[in-house]
Protein chains: 2
Amino acid sequence: MNIYESAKLAREASIQLAAIDSDTKNKALKAIAKALESHKREIEKANTVDIQNSEQEQVAMPILKRLKFDENKIKDVIEGIESLCGLEDPVGKVQLKTELDEDLILTRIASPIGVIGVIFESRPDALVQISTLCLKSGNAVLLKGGSEAKETNKILYEIIKKATEEAGLPEGWIALMETREDVNNILKMDKYIDLLIPRGSNAFVSYIMKNSNIPVMGHADGICHTYVDKDADIELAVKVVTDSKVQYVAVCNALETLLVHKDAAPSFLPKLKDSLDKHQVILKGCEETRKIIEAEPADETDWATEYLDYILSIKIVDSVKEAIEHINEYGSGHTDCIVTMNQEAADEFMMLVDSGNVFHNVSTRFSDGYRYGFGAEVGVSTSKIHARGPVGIEGLLIYKYKLCGTGQIVADYATGKKHFTHKRIISL
Amino acid sequence: MNIYESAKLAREASIQLAAIDSDTKNKALKAIAKALESHKREIEKANTVDIQNSEQEQVAMPILKRLKFDENKIKDVIEGIESLCGLEDPVGKVQLKTELDEDLILTRIASPIGVIGVIFESRPDALVQISTLCLKSGNAVLLKGGSEAKETNKILYEIIKKATEEAGLPEGWIALMETREDVNNILKMDKYIDLLIPRGSNAFVSYIMKNSNIPVMGHADGICHTYVDKDADIELAVKVVTDSKVQYVAVCNALETLLVHKDAAPSFLPKLKDSLDKHQVILKGCEETRKIIEAEPADETDWATEYLDYILSIKIVDSVKEAIEHINEYGSGHTDCIVTMNQEAADEFMMLVDSGNVFHNVSTRFSDGYRYGFGAEVGVSTSKIHARGPVGIEGLLIYKYKLCGTGQIVADYATGKKHFTHKRIISL
């Protein structure tokens with residue numbers, strides 16, 4: 001089947017999937033968990049092939065690490081599926097109910113979006129998480145994973161497809177794209193695909209947006225900031241900034257640029273340097289920073305760079321206001337934090353920083369669906385509409401309005417013969 | 001100021017506007033109402049110029065009708081503003097609150113989207129409705145109205161800008177684009193504009209989508225259907241179909257294609273023809289239809305056409321299933337209705353028709369923000385993400401996550417030293 005046929009079939013399946021009951025969906029989820037368990041040897045074997053190929057191609061260590069899909073990872077995704085089974089079915093939930101007039105009832109019902117195209121990087125666990133989230137939310141899904149994980153993705157996809165179709169899901173509700181050409185082709189299929197979720201660099205997400213009519217929920221760069229205020233607790237600031245930078249450098253919620261109030265800099269920066277030196281973090285600083293600690297010179301491009309590495313850029317600012325303006329100018333709307341004991345400064349920062357996640361006195365690394373308590377996540381959205389921040393099941397839903405009547409016509413209301421009552425039965 | 005400077009200023013204003021308190025916003029709304037009242041003579045004068053110019057250019061009657069902005073229309077928009085004042089401020093509403101761990105509190109807060117670009121047709125009341133909805137929801141707005149309403153839009157814009165900036169709103173929160181070139185320029189300003197709302201034909205909305213990286217909430221064609229089932233009450237069907245077609249033909253929620261079950265057609269179609277003949281509706285039918293009533297032949301292109309006129313295409317189908325498939329193939333996801341006394345058929349139809357508004361035994365013309373009880377509306381969205389169906393204030397909002405802690409770091413949770421509690425305080 002070519003990608004065009006797959007997308008068409010996914011569209012047809014999506015209509016059926018939207019109407020499937022919770023029991024069937026949960027049965028399908030359990031079937032996936034069981035099949036992953038019983039095929040774990042084959043999965044590990046396929047993954048070994050991917051890792052060997054990647055090693056031969058001298059793929060970078062962080063990617064190799066994310067590529068690994070061993071018994072522990074399989075156990076984790078199975079646990080994830082079990083917790084997804086336990087969640088209430090979000091589809092069909094009544095969000096709003098209004099009596100427009102006697103015997104004329106409007107309801108707003110949560111419903112799946114339809115067909116979702118997800119393009120993700122080289123983590124095979126993402127394939128399982130995303131497809132099970134789509135299943136639970138009643139969406140058909142077209143998947144394209146990183147080419148490094150080709151063999152692992154293929155076997156995972158086959159296991160999921162077989163298990164779910166046997167459990168009663170419509171044929172073709174899930175499809176795997178294998179080539180870059182497939183990706184370029186689906187960008188044009190706005191007739192069949194309702195939403196694209198690309199995960200990757202800003203450049204990649206922009207490319208997708210530029211080349212498709214389909215709405216895009218971007219999961220792009222995290223140029224995350226922490227601002228250490230003049231009223232910061234210095235010890236707390238060192239701890240939080242160190243964790244934000246080094247706990248896991250290769251992820252979108254890691255700290256990239258540190259902003260420091262000029263009054264806090266002389267006491268804070270040397271202590272921070274001691275802490276970061278233990279992790280061999282390369283510091284790049286503005287001129288004022290370099291008067292206080294040793295650092296490479298930072299320029300304009302640093303403020304706009306996501307290093308994903310043991311590198312931190314540092315800028316000294318005069319006020320909370322300047323920090324906010326810097327973040328709104330150079331940030332990516334992902335996660336930004338203020339460290340201060342001054343509640344007023346914190347409130348101002350959290351109100352005016354225009355990011356999906358605004359933090360006070362905690363590590364930026366908390367910005368994540370699992371840590372937020374959402375269970376699995378599709379990713380962290382840097383879009384400004386539909387869903388922002390970590391996206392769980394709810395981000396894969398939209399709604400439809402149902403209006404049930406007994407022959408009412410608009411002419412009666414337009415002429416004043418009848419009047420709307422607009423009684424809210426269930427409110428938003 | 002050129003459009004680039006206006007957009008940049010709107011971006012800056014949007015940050016301030018997001019933080020403005022409800023009293024100031026309501027004060028600004030009241031100032032608009034007062035200014036509209038005290039300038040109504042000038043507004044009517046400007047509108048007369050627009051109407052005279054349009055008459056000279058032989059603009060079609062439906063457009064002339066929508067263009068008219070007289071004392072009654074002014075009274076209506078003032079009433080709309082007053083009801084908007086009475087609504088609760090949606091910004092800052094807590095949607096979710098979770099204790100992630102002791103002293104680590106996550107909240108999800110409703111927030112404005114930012115800067116919204118709205119391109120609308122020749123109804124001047126739309127300018128007032130859209131800008132006041134943006135104001136109440138804390139969004140900056142760039143407006144472009146139909147060129148026929150140029151003078152009316154200009155004076156309305158100037159009145160709103162002056163009244164609101166005097167009432168304390170940030171300078172430049174609202175801007176008016178006057179040329180087509182302005183529209184083409186803003187399509188490229190994804191740095192400043194967060195959402196485009198084009199209202200117009202499918203071709204126009206597609207053009208916007210194709211030529212911009214900015215997310216688009218489309219308000220495109222309404223190819224609305226009514227399906228008259230074999231178990232329909234024939235009298236009710238005639239009444240509902242007639243209202244759907246003729247109550248106001250030039251709008252997106254008017255009926256365009258009628259689907260009739262083959263068993264209902266012989267008794268229903270002649271009665272319907274009698275009713276529609278009174279309104280000089282031109283009927284176009286499939287072959288089976290033309291065996292029962294007189295009608296012009298309809299072909300494939302008719303099923304995909306929004307007439308916005310006294311024309312109705314009719315197709316006879318074998319089953320609810322065929323009706324659903326026809327609608328999902330040719331419809332625009334706007335509003336589709338089933339007429340039947342069979343609850344099972346109604347449930348199936350409403351579940352499987354993939355449209356923003358699915359109706360049972362009522363006129364398609366009810367699909368509208370005012371009739372739904374939302375107060376004013378931005379329009380009826382045919383998008384599948386963010387907001388669908390009639391869009392009121394809620395569709396102009398997104399959210400941000402705030403996380404407040406006391407120095408928590410992720411390393412403590414990753415190593416198992418600490419554990420998340422994930423206690424829901426306020427649920428979604």
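The values are calculated or read from the model by the stated rules, or taken from the named source; none is laboratory data. The structure displayed is predicted, hence computed values, not measured ones. Note: ideal-geometry Cβ built from the backbone for every residue, glycine included; neighbour counts use all protein chains shown.
Listed here are the residues, each with its yes/no results for (1) at positive phi; (2) crowded, with 21+ Cβ neighbours inside 10 Å; (3) of a type outside the set (A, V, I, L, M); (4) out of contact with any His (no Cβ under 7 Å at 6 or more places or on another chain).
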{"residue": "A:VAL216", "(1), (2), (3), (4)": "no, yes, no, yes"}
{"residue": "A:HIS219", "(1), (2), (3), (4)": "no, yes, yes, yes"}
{"residue": "A:CYS224", "(1), (2), (3), (4)": "no, yes, yes, no"}
{"residue": "A:ALA232", "(1), (2), (3), (4)": "no, yes, no, yes"}
{"residue": "A:HIS261", "(1), (2), (3), (4)": "no, yes, yes, yes"}
{"residue": "A:ALA265", "(1), (2), (3), (4)": "no, yes, no, yes"}
{"residue": "A:SER275", "(1), (2), (3), (4)": "no, no, yes, yes"}
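Within segment B:325-354, the set of residues being within 7 Å of chain A (Cβ to nearest Cβ) and in contact (Cβ under 8 Å) with a residue 12 or more places away in the chain comprises B:ASN328, B:MET350, B:LEU352, B:ASP354. Taken over segment B:355-370, residues that are at the interface with another protein chain (Cβ under 7 Å from one of its Cβ atoms) and among the aromatic types (Phe, Trp, Tyr) amount to 2. For segment A:180-191, the count of residues that are farther than 27 Å from A:LEU29 by Cβ, in contact with a His (Cβ under 6 Å, 6 or more places away or on another chain) and not β-branched (Val, Ile, Thr) is zero. Of all residues in segment A:380-428, those satisfying the criterion of being more than 8 Å from every other protein chain (Cβ to nearest Cβ), surrounded by fewer than 23 Cβ atoms within 10 Å (Cβ to Cβ) and assigned to a strand (DSSP E or B) are A:LEU397, A:LYS423, A:ILE425, A:ILE426. Residues that are over 28 Å from B:GLU55 (Cα atoms), charged (D, E, K, R) and either surrounded by fewer than 22 Cβ atoms within 10 Å (Cβ to Cβ) or free of Cβ contacts under 8 Å to residues at least 40 places away in the same chain (or both) within segment B:133-191 comprise B:LYS161, B:LYS162, B:GLU165, B:GLU166, B:GLU171, B:LYS188, B:ASP190, B:LYS191, listed in sequence order. Residues that are surrounded by fewer than 24 Cβ atoms within 10 Å (Cβ to Cβ) and either in the same structural domain as B:VAL128 (by TED's automatic domain parsing) or over 21 Å from B:THR242 (Cα atoms) (or both) within segment B:351-367 comprise B:MET351, B:LEU352, B:ASP354, listed in sequence order. Note on segment B:83-96: residues that are within 11 Å of chain A (Cβ to nearest Cβ), farther than 28 Å from B:SER6 by Cα and either free of Cβ contacts under 8 Å to residues at least 40 places away in the same chain or not polar (S, T, N, Q) (or both) amount to 3. Picking from residues in segment A:61-83 that are of a type in the set (Asp, Glu) and either within 30 Å of A:GLY405 (Cα to Cα) or within 21 Å of the chain's Cα centre (by Cα) (or both), the one that is surrounded by the most Cβ atoms within 10 Å (Cβ to Cβ) is A:ASP76. Restricting attention to segment A:17-70, the residues being closer than 30 Å to B:GLU348 by Cα and either small (Gly, Ala, Ser) or not assigned by TED's automatic domain parsing to the domain that holds A:ILE174 (or both) number 5.
For every residue, the table says whether it meets (1) in contact with a strand residue (DSSP E or B) (Cβ under 6 Å, 6 or more places away or on another chain); (2) in a loop (DSSP other than H, G, I, E, B); (3) of a type outside the set (D, E, K, R).
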residue	(1), (2), (3)
A:ILE15	no, no, yes
A:ASP23	no, no, no
A:ALA28	no, no, yes
A:LYS34	no, no, no
A:GLU42	no, no, no
A:PHE69	no, yes, yes
A:ASP76	no, no, no
A:LEU84	no, no, yes
A:THR98	yes, no, yes
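Scanning segment A:277-293 turns up one or more residues that are over 25 Å from A:SER367 (Cα atoms), buried (at least 18 other Cβ atoms within 10 Å of the Cβ) and of a type in the set (Ser, Thr, Tyr). Only a single criterion out of (1) in contact with a Cys (Cβ under 9 Å, 6 or more places away or on another chain); (2) more than 20 Å from A:LEU156 (Cβ to Cβ) is not satisfied by A:GLU88, namely (1). Test A:ILE105 against the stated conditions and say whether it is of a type in the set (Val, Ile, Thr), surrounded by 22 or more Cβ atoms within 10 Å (Cβ to Cβ) and either outside any helix (DSSP H, G or I) or assigned by TED's automatic domain parsing to the domain that holds A:ILE15 (or both). When the stated conditions are applied, A:ILE105 does not pass them. The combined condition, being farther than 29 Å from B:LYS191 by Cα and more than 21 Å from the chain's Cα centre (by Cα), is fulfilled by B:GLY86. Residues considered: B:ILE193, B:ILE208, B:ILE292, B:ILE197. Of these, the only one that is within 30 Å of B:GLY117 (Cβ to Cβ) and touching a helix residue (DSSP H, G or I) at 6+ places or on another chain (Cβ under 7 Å) is B:ILE193. A search for C-beta distances below 6 Å between a residue of segment B:411-428 that is within 20 Å of A:ARG365 (Cα to Cα) and any residue that is of a type in the set (Gly, Ala, Ser) and in a loop (DSSP other than H, G, I, E, B), counting only pairs 6+ apart in sequence or on different chains, returns B:HIS422/A:GLY373. Tally time: how many residues in segment B:283-314 are in contact with a strand residue (DSSP E or B) (Cβ under 7 Å, 6 or more places away or on another chain), part of a helix (DSSP H, G or I) and either assigned by TED's automatic domain parsing to the domain that holds B:SER201 or β-branched (Val, Ile, Thr) (or both)? Number of matching residues: 1. When we screen A:SER212, A:SER244 for residues that are touching a residue at least 24 places away in the same chain (Cβ under 8 Å) and touching a Ser or Thr at 6+ places or on another chain (Cβ under 9 Å), the only hit is A:SER244. Listed by position, the helices (runs of 4 or more DSSP H) contained in segment B:193-277 that have at least 3 residues being assigned by TED's automatic domain parsing to the domain that holds B:ILE63 and of a type outside the set (Ser, Thr, Tyr) are B:202-210.
The sole residue among B:MET177, B:MET209 that is more than 11 Å from chain A (Cβ to nearest Cβ) and under 30 Å from A:ASN202 (Cβ atoms) is B:MET177.
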